[in-house]
1. How big is the charge dipole of the chain about its Cα centre, in debye rounded to the nearest 20, if each Lys and Arg gets +1 on its Cβ and each Asp and Glu gets -1 on its Cβ?
2. In degrees from 0 to 90, rounded to the nearest 10, what is the angle of the helix 72-85 Cα long axis to the longest principal axis of the chain?
3. In the chain, how does Rg compare with the Kirkwood Rh, expressed as the Rg/Rh ratio over alpha carbon atoms?
4. Could I have the simple spin-label model distance between Phe48 and Asp14, label points 7 Å from Cα toward Cβ, reported in nm to one decimal?
5. For the stretch 1-59, what does the accessible surface come to per residue with a 1.4 Å probe? Please give it in Å².
6. I'd like the carbon and sulfur percentage of the solvent accessible area for the chain, probe radius 1.4 Å, heavy atoms only, ligands and nucleic acids excluded.
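The values are calculated or read from the model by the stated rules, or taken from the named source; none is laboratory data. Bear in mind that the values here come from a model prediction, so they are computed numbers and not experimental data. For neighbour counting, all protein chains shown are included, and Cβ atoms are generated from backbone atoms with ideal geometry for every residue, glycine included. Note: accessible area is taken over every heavy atom of the protein model, side chains too, but ligands, DNA and RNA are not part of it. Shrake-Rupley method; radii C 1.70, N 1.55, O 1.52, S 1.80 Å.
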Amino acid sequence: MVVIQVASCYVVKDLSWPILLLAAYSFGGVINHSMTLAIHEISHSLAFGHSRPKANRALAIFGNLIIGVPTAVTFKRYHLDHHRYQG
């Protein structure tokens, strides 16, 4: 998804502004949301398992490159606190 999102920058470089905004909203929004879901799953150590936390964190940071807001590192701490206090 990261490679597709970066490659799409080249594809849309010559589009008019209305078409570019539509593409950013529809295509970019879907990719962004799927990366947010991927970071959520990685926060539960589902990518490489609990035995490889550094690999999980590195993958989350790589996936976070296309989102624009750095959330991958702090997401795990706050998300797991949410699960702990849910009861």
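1. The calculated dipole for the chain is roughly 360 debye.
2. Roughly 50 degrees between the two axes.
3. 1.09
4. Rounded to a tenth, the inter-label distance reads 4.1 nm.
5. Here the residues of the stretch 1-59 average 73 Å² of exposed surface.
6. So the carbon and sulfur contribution to the accessible surface is 70 percent.
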